[in-house]
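Asker: What follows is a structure written as structure tokens; I'll ask about it next.
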Amino acid sequence: MVSKRSLVLVVCIILCAATHAQQAACSLSLSGTISCKEDGKPLSYVAIGLLSTGKSASSDEKGKFLITSVCAGEYHLIASFIGYSKLDTLIKISADRNIQLQLKPDSFHLKEVHVEANKIEKRGVETVTKSELSGEELQQTRGENLGTALKEITGVDVIQTGATISKPVIHGLYSNRILILNNGVRQEGQQWGSEHAPEIDPFIATKLSVIKGAASIRYGSDAIGGVVLVEPAEMPKLKCLEGEINLVGMDNSRLYTGSGILQGAFDKRLTGLSFRIQGTDRQAGNIETPHYILDNTGLLEKNYSGTLAYERENYGITAYYSHFYSELGIFTYSEASNPAQLQQLFAQPQPINFPMSYYLSKGFYTINRGYQTVDHNLLKINAFAKSGRFGRLEATFARQTDNRQEFDLDVPYSINGSLNNAAQNDFDLTTHTGELVWEHNSWHNISGSVGANFITEGNVYTGLAYQPLIPNYRNYGGGLFIIEKWNPRNNFTLEAGVRYDYKWQREYMLNPISLLEYTNTQTYDAPTATLGALWRFSPKISLNANLGSGWRAPSAFELYAFGVHGATQQFVVGDSLLKVEQSYNFCTSIHFEGEKIETEFGVYANLINNYIYLKPTLTEHVNIDGYFPEFDFTQTNAFFKGADFNLKWHITKYLTYEPKATLVFANDLTNHTYLVYIPPQRFNQKLEYRWEKLGRLKNVFVNIGNLIVPEQTRVPPNSDFVPPPKGYVLFSAAIGCSAHLGKQLMNISIICNNMMNTAYRDYMDFFRYYADEPGRSIQLKIRIPFQFIKPKTDQENNN
């Protein structure tokens, strides 16, 4: 429990920050560098101005510029230089900003102006390590689920159940230790199982960001492993009507995906009003390994979302709604009726196999029992108000409903067949979240935010099982935080934050012997803190370091689980005596961006006391449905450490070499051994050649990639039902270009994964007990952007 003295201290800090923030206005600064996009060289004497303010500057011989005494707000930034396309873009300034701008020579673009501005994004803690996936890199993952897309980021792996169900692993940590923010809202679903993937359509995002390490200060007590940000594009500000269509097809599983988006903004009397609608349809049949087909592994997804926003200079409100629905087939041949059969399933080189003609005759996309369905709905209301004197105040409210139904292979018994279509497990989770954040103005080079979060959720089970896998529960939680940042000069930032969280949770249980209902209640509370620094030694080199603490309360599933997971065929047993996890995390990374080489290298260390994990017991649990491998939740003190490395070497103007490495090491400090289910090391490399123009084609590229995953040898002896699989080496290749479709420029690419059709099993896939990973797959991806009304700048409108 936190002492009264600690609470008084937190309140005093908040009140002091509030007092300081009111003492200064219009004292912000905008600084940065401007360079040529083609060769990266700095540009001198570029005219840079903020429209409607009368403030301007000129870049020096190193391309640097500085504009002072700027009020908080949103501005048109104009940068012009003879021989280069003029830059005209919108920027928001709520604190001292440092941006990187690039101008493109006129000879390369006579009719279009391409703007590329690397701004300092608004985020909770700036000194933590953050990686992003956007642009063409994100486009190459279209059609994949969220977890698979995030694997392109160093330091990120996935834990999965087959090829269609996965969730991210950051620096060896996963499940409830990783928070996912869907359009700024903490994603809450039935994600306590390894086969419960995040209920998010990646097509809504134009950028996927991963915050590595403890991010509890800003996002809540559970974020001790990291945060995934699913970020849509900003709503359009200028009058327009535009969108894009994405089409994806894959030969393995006959997957097809279609996704579209349409957005627009109005002017005149409706200036400030904008909208966006989006939808995705995705379907696949049975997955093919190099030697056999995995029965009943199809999927179906139907998703849509809509956004309506009204924003003026000093206030705005946005409403967002999304619906996610999926059906996922569960691999059939993973059930056993006796111990000998269970061992046979583990040892067999391949499961029962049917020819392709069998599946084509009965319907290739047919999903039979067992399968699971997920229906997730999110409603978000966000509003903000700002002033030059007090800063910006933002409020967010969200409501989520998540319904999960799990249908076992066997049909429930009923005399008249009324339960033939009934689910054995049926869970309904309803969550309400609220957040209020005040970003105060800069005062003596100090800027920051003060905020509060609130969450309440309830889970109701209405399935047919005698004893539910997870009990009904209700919880309430909330936190207060303050994050302050000190910029004594443009090349140095010192950052600190404190937070206090409280959580109340109650489970509603049924005694299996007396059939009497009873409840168990837990309360948790603790403070967390962070301290970090960011050094910009030069425009090319920067270093950040962060030390943070975090904690996580055990979930109802970890405390009271008792039953079979349908997808993995695991019998899971919880432990009601589990304690709070406590994390102490340090991470640092150095980034270099030169003319020929861009590289980032980071290391981390994470001590977690009372680390909760699912441990194989090496025994079988028997019930009326059969024999199942048993896994129990347990705790230990654990130490995670590792390194992330990525490099992009522009060997020539057209040839690029890009190696990556993700290293994770984890130790059980209590038992002086290793931990189970820790990702093995991963080494990627890609060689790519590009042409700016090839005949009528533009932006043509061809690449070949290689993934090396060695065997995971750092596991306790005799700790699992089967030993870790052998390591593997995979090859991939891709080719793509941009081509005109009428007046529209569409992007086309063909990607081949597992090019050599290698048979392998992955240690982080629970299907590895029974079957191989997918074989060769060839994907065709087409992106068609379109514009019915092209946005115009203020200057163009005046002309």
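Asker: As an exercise: evaluate LEU655 against (1) at pLDDT below 95; (2) closer than 30 Å to GLU692 by Cβ and give the number of the one condition it does not meet.
Answerer: The number of the failed condition is (1).
Asker: Can you name the residue in segment 674-693 that is modelled with pLDDT of 95 or more and of a type in the set (Phe, Trp, Tyr) and is also surrounded by the fewest Cβ atoms within 10 Å (Cβ to Cβ) among such residues?
Answerer: Per the criteria, the residue is TYR689.
Asker: Also, quick follow-up: Filter segment 56-91 for residues that are exposed (fewer than 15 other Cβ atoms within 10 Å of the Cβ), more than 37 Å from the chain's Cα centre (by Cα) and not acidic (Asp, Glu) and give the result.
Answerer: SER56, SER58, ILE82, GLY83
Asker: Let me ask you something else. Can you tell me how many residues within segment 694-729 are acidic (Asp, Glu) and open to solvent by less than 60 Å² (accessible area, probe 1.4 Å)?
Answerer: Summing the residues that are acidic (Asp, Glu) and open to solvent by less than 60 Å² (accessible area, probe 1.4 Å) in segment 694-729 gives 1.
Asker: Only one of these is over 25 Å from TYR325 (Cβ atoms) and free of Cβ contacts under 8 Å to residues at least 60 places away in the same chain: ILE415, ILE446. Name it.
Answerer: So the residue among ILE415, ILE446 that is over 25 Å from TYR325 (Cβ atoms) and free of Cβ contacts under 8 Å to residues at least 60 places away in the same chain is ILE415.
Asker: Only one of SER749, SER732, SER738 is open to solvent by less than 60 Å² (accessible area, probe 1.4 Å) and without any contact (Cβ under 8 Å) to a residue 40 or more places away in the chain. Can you tell me which?
Answerer: On inspection, the qualifying residue turns out to be SER732.
Quick grid of which residues meet (1) over 28 Å from ASN520 (Cα atoms); (2) in contact with a Lys or Arg (Cβ under 8 Å, 6 or more places away or on another chain); (3) modelled with pLDDT under 95:
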| residue | (1), (2), (3) |
| --- | --- |
| HIS565 | no, no, yes |
| THR568 | yes, no, yes |
| VAL572 | no, no, yes |
| LYS579 | no, no, no |
| GLN582 | no, no, no |
| GLU593 | yes, yes, yes |
| GLU598 | yes, yes, yes |
| TYR604 | yes, yes, no |
| ASN609 | no, no, no |
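Asker: Then there's this: Identify, from the list SER357, SER361, SER326, SER305, the residue that is in contact (Cβ under 8 Å) with a residue 24 or more places away in the chain, over 24 Å from ASN753 (Cα atoms), small (Gly, Ala, Ser) and open to solvent by 10 Å² or more (accessible area, probe 1.4 Å).
Answerer: SER305
Asker: Inside segment 542-560, can you point out the residues that are within 23 Å of SER131 (Cβ to Cβ) and either in contact with an Asp or Glu (Cβ under 8 Å, 6 or more places away or on another chain) or buried (at least 22 other Cβ atoms within 10 Å of the Cβ) (or both)?
Answerer: Matches in segment 542-560: ASN544, ASN546, GLY548, GLY550, ARG552.
Asker: For segment 665-673, state whether one or more residues are in contact with a Leu (Cβ under 9 Å, 6 or more places away or on another chain), outside any strand (DSSP E or B), open to solvent by 20 Å² or more (accessible area, probe 1.4 Å) and not charged (D, E, K, R).
Answerer: Within segment 665-673 (the criterion being in contact with a Leu (Cβ under 9 Å, 6 or more places away or on another chain), outside any strand (DSSP E or B), open to solvent by 20 Å² or more (accessible area, probe 1.4 Å) and not charged (D, E, K, R)), the answer is yes, since at least one residue qualifies.
Asker: Restricting attention to segment 479-495, does a residue exist that is among the polar types (S, T, N, Q) and without any contact (Cβ under 8 Å) to a residue 24 or more places away in the chain?
Answerer: no
Asker: What is the residue count in segment 310-354 for residues that are part of a strand (DSSP E or B) and farther than 30 Å from LEU181 by Cβ?
Answerer: 1
Asker: Show the residue pairs meeting these rules: Cβ distance below 8 Å; 6+ apart or different chains; first residue within segment 53-77 and more than 19 Å from LYS386 (Cβ to Cβ); second residue of a type in the set (Phe, Trp, Tyr).
Answerer: ALA57/PHE65; SER58/TYR45; SER58/PHE65; SER59/TYR45; SER59/PHE65
Asker: I need every pair where a residue in segment 387-404 that is of a type in the set (Lys, Arg) has its Cβ under 6 Å from the Cβ of a residue that is surrounded by 19 or more Cβ atoms within 10 Å (Cβ to Cβ) and not in a strand (DSSP E or B), sequence separation at least 6 or different chains.
Answerer: Sorted first by the residue in segment 387-404, then by its partner, the pairs are ARG392/SER94; ARG404/GLN190.
Asker: Okay, moving on. What are the residue pairs meeting all of these: first residue in segment 152-169, first residue farther than 20 Å from GLN570 by Cβ and open to solvent by 10 Å² or more (accessible area, probe 1.4 Å), second residue part of a loop (DSSP other than H, G, I, E, B) and β-branched (Val, Ile, Thr), Cβ atoms under 7 Å, and 6 or more apart or on different chains?
Answerer: Qualifying pairs under 7 Å: GLU152/THR141.
Asker: While we're looking at this one, here's another question. Which one is nearest to LYS579 (Cα to Cα) among residues in segment 635-661 that are among the hydroxyl-bearing types (Ser, Thr, Tyr) and open to solvent by 20 Å² or more (accessible area, probe 1.4 Å)?
Answerer: Out of the qualifying residues, it is TYR657.
Asker: When you scan segment 524-569, how many residues do you find that are among the aliphatic types (A, V, I, L, M) and either without any contact (Cβ under 8 Å) to a residue 40 or more places away in the chain or part of a loop (DSSP other than H, G, I, E, B) (or both)?
Answerer: 5
Asker: Of all residues in segment 330-346, which are among the hydrophobic types (A, V, I, L, M, F, W, C) and in contact (Cβ under 8 Å) with a residue 40 or more places away in the chain?
Answerer: ILE330, PHE331, ALA336, LEU342, LEU345, PHE346
Asker: Hey, among the residues in segment 267-278 that are at pLDDT 95 or above and of a type outside the set (Lys, Arg), which one's most open to solvent (accessible area, probe 1.4 Å)?
Answerer: Going through the qualifying residues, I end up with ILE277.
Asker: Just for segment 423-451: of the residues that are open to solvent by 20 Å² or more (accessible area, probe 1.4 Å) and closer than 26 Å to GLN569 by Cα, which one is modelled with the highest pLDDT?
Answerer: The selected residue is ASP428.
Asker: Right, next: Considering only residues that are in a loop (DSSP other than H, G, I, E, B) and either within 22 Å of PHE324 (Cβ to Cβ) or open to solvent by 40 Å² or more (accessible area, probe 1.4 Å) (or both), which ones fall in segment 370-395?
Answerer: Selection gives GLY370, ARG389, PHE390.
The values are calculated or read from the model by the stated rules, or taken from the named source; none is laboratory data. Not measured: the values here are computed from a predicted model. A quick note on method: Cβ atoms are made from the backbone with ideal geometry, for glycine too, and the neighbour counts reach across all protein chains shown. With ligands, DNA and RNA removed, areas are computed over all heavy atoms of the protein, side chains included. Shrake-Rupley method; radii C 1.70, N 1.55, O 1.52, S 1.80 Å.
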